[in-house]
Amino acid sequence: MILKTRHALASAALLALTASPVFAQQAPACGGDLGAFLQGVKAEAVAKGVPADVVDRALAGAAINEKVLSRDRAQGVFKQTFTEFSKRTVSKSRLDIGAQKMKEYADVFARAEKEFGVPAPVITAFWAMETDFGAVQGDFNTRDALVTLAHDCRRPEMFRPQLIAAIEMVQHGDLDPATTTGAWAGEIGQVQMLPEDIIAYGVDGDGDGHVNLKKSSPDAILTAAKFIQSLGFKAGQPAIQEVSVPEQLPWEKTGLQPGMKASDWFALGVKPRNGDTSFGNLEASLVLPQGRKGVAFLTYPNFNVYLEWNQSFIYTTSAAYFATRLGGAPTYEGGNPEQGLDDTGMKALQTKLQTLGHDVGKVDGILGSGTRAALQKEQLRLGRPADGWATLELLNSL
């Protein structure tokens with residue numbers, strides 16, 4: 001699991017609280033004795049209006065989970081190509097189940113689109129990608145996972161507010177501190193959301209008076225729709241559109257960068273596979289996950305919602321493509337991309353780019369946005385098509 005980028009923002013209220021000398025003396029913002037830490041959490045929750053007895057019940061028996069820390073220290077990243085990852089995740093089985101779910105909950109999806117402007121395929125794609133429609137939700141005790149990550153001093157500004165929110169969920173009757181389980185980072189339910197977002201965007205879809213994203217699919221569908229709307233989703237607009245590209249293009253303008261409209265790309269010979277050019281007035285980026293000889297997509301402003309949900313380019317592109325398939329689009333035409341670099345080669349490339357003065361971020365073997373941008377500059381310098389795709393031949397040239 002890769003954490004949603006929007007959750008990495010620090011809480012200003014928490015920072016102000018932990019900056020207080022009095023607070024620092026009474027209870028650590030992170031680390032130290034667990035009992036003292038939990039007393040500080042209790043004080044903060046009570047200050048937010050949660051009754052003391054509810055906080056005591058929520059934190060009773062709380063413990064550090066070393067497996068959570070291990071997962072946090074060893075977070076995996078997507079080193080598969082788009083073709084490899086999308087073929088594995090956008091499977092026939094998932095497409096069939098997705099179609100069944102959209103039919104089974106047609107009324108709920110209709111409500112989601114009417115109230116929040118988010119169509120069924122978009123929600124269903126996330127539902128499938130996150131938990132296989134609720135089948136794999138995680139088995140970590142949510143309360144303990146959040147206690148662990150809030151107590152740990154690596155990212156307390158991210159997880160302490162989530163722990164406080166989880167305590168509020170206990171107050172609402174929407175989380176059982178002893179039995180509620182989810183992902184190692186505290187995300188809960190069929191669409192894997194953190195407590196703060198469940199409180200902010202939770203919708204009681206089945207009318208039982210609670211928001212239960214673990215067991216209630218209507219709750220999960222409508223809550224996901226409201227959350228996606230909050231990320232800026234625009235009704236009636238696409239997120240991604242498969243296209244064919246001509247032999248010659250200003251390749252240096254490809255990638256997730258602003259400055260072009262879809263009509264600009266159409267004028268250069270980029271052609272939507274479905275023939276729909278009605279979104280020409282929208283800003284659009286031409287993305288080439290595996291270079292100019294592989295699959296090509298135009299991405300529109302709604303694609304940013306996917307990036308807000310998950311920061312991995314391969315994940316987000318696959319999720320957006322998944323939604324188009326659920327909406328009736330055919331399997332993409334993969335083209336014939338050049339062989340990419342393996343992990344060792346990619347790290348060697350990143351190291352070389354650094355020695356040439358480029359900021360590629362961490363040398364991690366991932367062809368991320370920083371590495372692609374640096375690579376395009378070097379491709380231009382060498383007089384090659386600047387499509388940002390890393391090959392052994394290009395590495396040798398550098």
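The values are calculated or read from the model by the stated rules, or taken from the named source; none is laboratory data. For clarity, every value in this text was computed on a predicted model and none was experimentally measured. All Cβ positions, glycine included, derive from the backbone under ideal geometry; neighbour counts span all protein chains shown. Note: accessible area is taken over every heavy atom of the protein model, side chains too, but ligands, DNA and RNA are not part of it. Shrake-Rupley method; radii C 1.70, N 1.55, O 1.52, S 1.80 Å.
Among the numbered criteria (1) open to solvent by less than 40 Å² (accessible area, probe 1.4 Å); (2) β-branched (V, I, T); (3) under 29 Å from V191 (Cα atoms), which single criterion is violated by V360?
Of (1) open to solvent by less than 40 Å² (accessible area, probe 1.4 Å); (2) β-branched (V, I, T); (3) under 29 Å from V191 (Cα atoms), only one is false for V360: (3).
Taking A145 and the conditions (1) in contact with a Gly (Cβ under 6 Å, 6 or more places away or on another chain); (2) hydrophobic (A, V, I, L, M, F, W, C); (3) part of a loop (DSSP other than H, G, I, E, B), which numbered condition does it fall short on, given that it satisfies the others?
Failed condition: (3).
With the structure loaded, tell me whether E333 is out of contact with any strand residue (DSSP E or B) (no Cβ under 9 Å at 6 or more places or on another chain), among the charged types (D, E, K, R) and open to solvent by 40 Å² or more (accessible area, probe 1.4 Å) or whether it fails that test.
On the way: out of contact with any strand residue (DSSP E or B) (no Cβ under 9 Å at 6 or more places or on another chain): no; among the charged types (D, E, K, R): yes; open to solvent by 40 Å² or more (accessible area, probe 1.4 Å): yes.
It is false that E333 is out of contact with any strand residue (DSSP E or B) (no Cβ under 9 Å at 6 or more places or on another chain), among the charged types (D, E, K, R) and open to solvent by 40 Å² or more (accessible area, probe 1.4 Å).
Could you say whether any residue in the range 120-138 is surrounded by 24 or more Cβ atoms within 10 Å (Cβ to Cβ), among the acidic types (D, E) and part of a helix (DSSP H, G or I)?
Yes, the range 120-138 contains at least one residue that is surrounded by 24 or more Cβ atoms within 10 Å (Cβ to Cβ), among the acidic types (D, E) and part of a helix (DSSP H, G or I).
Across the range 181-204, which residue is nearest to D139 (Cα to Cα) among those that are open to solvent by 20 Å² or more (accessible area, probe 1.4 Å) and assigned to a loop (DSSP other than H, G, I, E, B)? Explain how you work it out, then say what you get.
From the range 181-204, those open to solvent by 20 Å² or more (accessible area, probe 1.4 Å) are 181, 196, 199-202, 204; that's our starting set.
Adding the requirement that they be assigned to a loop (DSSP other than H, G, I, E, B) leaves 202, 204.
Working: G202: 22, D204: 24 Å.
Among those residues, the one meeting the criterion is G202.
Tell me, which helices (runs of 4 or more DSSP H) wholly within the range 213-313 include 3 or more residues that are closer than 30 Å to G189 by Cα and open to solvent by less than 10 Å² (accessible area, probe 1.4 Å)?
In the range 213-313, the matching helices (runs of 4 or more DSSP H) lie at 217-230, 303-309.
From the list A374, A390, which residue is touching a Ser or Thr at 6+ places or on another chain (Cβ under 8 Å) and open to solvent by less than 20 Å² (accessible area, probe 1.4 Å)? Spell out how you get there, then give the answer.
Details: A374 fails: touching a Ser or Thr at 6+ places or on another chain (Cβ under 8 Å).
Answer to the check: A390.
Of the numbered conditions (1) free of Cβ contacts under 8 Å to residues at least 40 places away in the same chain; (2) surrounded by 20 or more Cβ atoms within 10 Å (Cβ to Cβ); (3) within 21 Å of V118 (Cα to Cα); (4) of a type in the set (S, T, Y), T317 satisfies every one except a single condition; which is it?
(1)
Between residues in the range 225-252 that are among the β-branched types (V, I, T) and residues that are in a strand (DSSP E or B) and open to solvent by 30 Å² or more (accessible area, probe 1.4 Å), which pairs lie under 9 Å by C-beta distance while being six or more apart or on different chains?
Hits for this filter: V243/K271; V245/K271.
Does T317 satisfy the criteria of being of a type in the set (S, T, N, Q), more than 20 Å from the chain's Cα centre (by Cα) and modelled with pLDDT of 95 or more?
Working: of a type in the set (S, T, N, Q): yes; more than 20 Å from the chain's Cα centre (by Cα): no; modelled with pLDDT of 95 or more: yes.
No: the conditions fail for T317.
Can you tell me which residue in the range 34-50 is surrounded by the most Cβ atoms within 10 Å (Cβ to Cβ), limited to those that are within 13 Å of I167 (Cβ to Cβ), aliphatic (A, V, I, L, M) and touching a residue at least 60 places away in the same chain (Cβ under 8 Å)? It would help to see each step written out before you state the result.
Here is the first cut: in the range 34-50, the ones within 13 Å of I167 (Cβ to Cβ) are 38, 40-50.
Of the ones still in play, those that are also aliphatic (A, V, I, L, M) are 38, 41, 43, 45-47, 50.
Next cut, touching a residue at least 60 places away in the same chain (Cβ under 8 Å) only: 38, 41, 45, 50.
Numbers: L38: 21, V41: 22, A45: 24, V50: 19.
Of everything passing the filter in the range 34-50, A45 is surrounded by the most Cβ atoms within 10 Å (Cβ to Cβ).
For (1) of a type in the set (A, V, I, L, M, F, W, C); (2) in a loop (DSSP other than H, G, I, E, B); (3) in contact with a strand residue (DSSP E or B) (Cβ under 8 Å, 6 or more places away or on another chain), each residue gets a yes or a no:
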residue	(1), (2), (3)
D359	no, yes, no
V363	yes, yes, no
L367	yes, yes, no
A374	yes, no, no
K377	no, no, no
L380	yes, no, no
P385	no, yes, no
L395	yes, no, no
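Under 9 Å between Cβ atoms, which residue pairs at least 6 apart in sequence (or on different chains) link something in the range 51-68 that is in contact (Cβ under 8 Å) with a residue 40 or more places away in the chain and under 13 Å from A178 (Cα atoms) with a partner that is outside any helix (DSSP H, G or I) and open to solvent by less than 20 Å² (accessible area, probe 1.4 Å)?
Note: pairs meeting the criteria are R57/P177; A58/V50; A58/L175; A58/P177; L59/P177; A60/P177; G61/P177; A62/P177.
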